[in-house]
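Have a look at the structure below, then the notes.
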Amino acid sequence: MTYGNETNPDQKKIEAAFEMLVSAQNAVSHMMAHNKVRDHISMRDLLRIAKGPKSEADHALLLRVNDDFMARRQLRVILQSQSLASQPQQAAAASTRKDAIQWRSGKAFDLNLIASSKNDGLFYLQLKLKDSEDMARISKAEVLFAESSGQFFSLPLPKIMDGIAQLMIKHGHPMLDAFHDPEAEFFIR
């Protein structure tokens, strides 16, 4: 404040306090932005991913989950408790012959893998529900998750009609490796 040509004696103190406040605000903003990158993955984010990754940000978050041991364990618990159905580890891997129908059997559903007859590197993954009592509930599923070799993969499910859904997968997709991994587990969510 200026009184005529004189400066308010508290002006310097006010300016110094304002500069300190701005510096503190910048430091807090920088720390929060920096910690957000390294910070753990929140339960809210894990629950959102368990519903099925829908955006690029969700897919990026799923990759972050795969790199974080604790987040993988938490996502696994969420999927085990909230899945409509699951298929546990198999005793032995499915057949790897390309011309044969390959299958994984489970209590609630089976997975059949059929190579395209055109030899174009495409595979059809059929999901067949078993229990007619739960079919109405499980038919509402939107995502197929697989956990294999400490990584989670997901594919959006088309509408399950008459207990069957069919997905098209390209050669080299991680879901194919999960299908052949006897230790992989599948979840329908």
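General observations
- Length added when fully stretched, D68-S132, from 0.36 nm per residue minus Cα-Cα: 19.3 nm
- Bridgeable aspartates and glutamates around K54 (alpha carbons under 16 Å apart, same-chain partners fewer than 8 residues away excluded): D45, E142.
- Each other residue within a Cβ distance under 14 Å of K140 adds +1 if Lys or Arg and -1 if Asp or Glu, for a net charge of +2.
- Relative compactness, the stretch 84-188, computed as alpha-carbon Rg over 2.2 N^0.38 Å: 1.00
- Solvent-accessible area of the stretch 84-188 (1.4 angstrom probe, protein heavy atoms only): carbon and sulfur portion equals 51 percent.
- Net charge of Cβ neighbours under 11 Å - reference R104; Lys, Arg +1; Asp, Glu -1: -2
- Cβ-based net charge around G52, under 10 Å, with every Lys or Arg adding one and every Asp or Glu removing one: +2
- Set of aspartates and glutamates near K12 by C-alpha distance (under 18 Å), chain-local residues within fewer than 8 positions excluded: none
The values are calculated or read from the model by the stated rules, or taken from the named source; none is laboratory data. This is a predicted model, so every value here is computed, not measured. No Cβ is skipped: glycine too gets one built from the backbone with ideal geometry, and neighbour counts run over all protein chains shown. Just the protein is used for accessible areas: all its heavy atoms, side chains included, with ligands, DNA and RNA removed. Shrake-Rupley method; radii C 1.70, N 1.55, O 1.52, S 1.80 Å.
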